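One structure is given below, encoded as structure tokens.
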Amino acid sequence: MNLFSISNIILSLSSLFFGLIVYESNKQNPLIKYWLMFAWCFSFWSLGLFGVTYYKDYDIALFWQYVLDLFAVFLPSTYVIFLIKFFKFENKLWMPLIYITSTFFAIFSFTTYFKTGLSIQNNFFWITPGKYYFL
């Protein structure tokens with residue numbers, strides 16, 4: 001196991017752990033629930049990055065790449081939702097727009113327009129971007 005893989009496991013577990021500690025401190029606060037959503041997305045994203053960089057089997061690494069990409073979509077959206085709630089920016093348009101856009105990109109991340117597969121780079125698997133990966 002390389003240092004990069006180990007650091008991703010540490011990130012995943014610490015994000016999950018600290019998210020749960022904050023949640024346990026005040027379960028009734030809705031803002032903390034949004035922070036927990038963000039922390040869990042970060043945890044699963046870093047777990048996906050661990051899987052991609054650790055496993056040497058293409059199919060297993062590809063599975064983890066899908067996990068990584070899925071949570072990479074929801075990571076910024078859960079953070080923006082947390083910020084909207086934190087700053088009490090109550091606009092009826094923002095939340096549905098964020099949910100719809102995130103769902104679109106989550107589905108899009110499973111297509112060949114987003115990624116065509118994986119290739120070996122720096123001694124571990126890395127994404128081979130599709131035509132519209134930049135989105």
Within the group 62, 13, which residue is free of Cβ contacts under 8 Å to residues at least 60 places away in the same chain and either surrounded by 20 or more Cβ atoms within 10 Å (Cβ to Cβ) or aliphatic (A, V, I, L, M) (or both)?
13
In region 110-135, residue farthest from residue 53 (Cα to Cα) [restricted to those that are in contact (Cβ under 8 Å) with a residue 12 or more places away in the chain, open to solvent by less than 50 Å² (accessible area, probe 1.4 Å) and not in a loop (DSSP other than H, G, I, E, B)]
115
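Does residue 85 satisfy the criteria of being open to solvent by 40 Å² or more (accessible area, probe 1.4 Å) and farther than 20 Å from residue 12 by Cβ?
Working: open to solvent by 40 Å² or more (accessible area, probe 1.4 Å): yes; farther than 20 Å from residue 12 by Cβ: yes.
It is true that residue 85 is open to solvent by 40 Å² or more (accessible area, probe 1.4 Å) and farther than 20 Å from residue 12 by Cβ.
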Taking residue 2 and the conditions (1) surrounded by 14 or more Cβ atoms within 10 Å (Cβ to Cβ); (2) under 30 Å from residue 121 (Cα atoms); (3) at pLDDT below 95, which numbered condition does it fall short on, given that it satisfies the others?
(1)
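Report yes if residue 52 is open to solvent by less than 40 Å² (accessible area, probe 1.4 Å), at pLDDT 95 or above and not charged (D, E, K, R), otherwise no. Talk me through it step by step, then tell me what you get.
On the way: open to solvent by less than 40 Å² (accessible area, probe 1.4 Å): yes; at pLDDT 95 or above: no; not charged (D, E, K, R): yes.
No: the conditions fail for residue 52.
Applying the selection to region 21-49, what residues are open to solvent by 40 Å² or more (accessible area, probe 1.4 Å) and either of a type in the set (D, E, K, R) or farther than 19 Å from residue 83 by Cα (or both)?
First, the residues of region 21-49 that are open to solvent by 40 Å² or more (accessible area, probe 1.4 Å): 21-31, 33-35, 37, 40, 42, 44-45, 47.
Answer for region 21-49, where residues must be open to solvent by 40 Å² or more (accessible area, probe 1.4 Å) and either of a type in the set (D, E, K, R) or farther than 19 Å from residue 83 by Cα (or both): 21, 24, 25, 27, 33, 44, 45, 47.
The values are calculated or read from the model by the stated rules, or taken from the named source; none is laboratory data. Everything quoted here is computed from the prediction, not taken from an experiment. Cβ atoms come from the backbone with ideal geometry, glycine included; neighbour counts cover every protein chain shown. The area values use the complete protein model at the heavy-atom level, side chains included, leaving out ligands, DNA and RNA. Shrake-Rupley method; radii C 1.70, N 1.55, O 1.52, S 1.80 Å.
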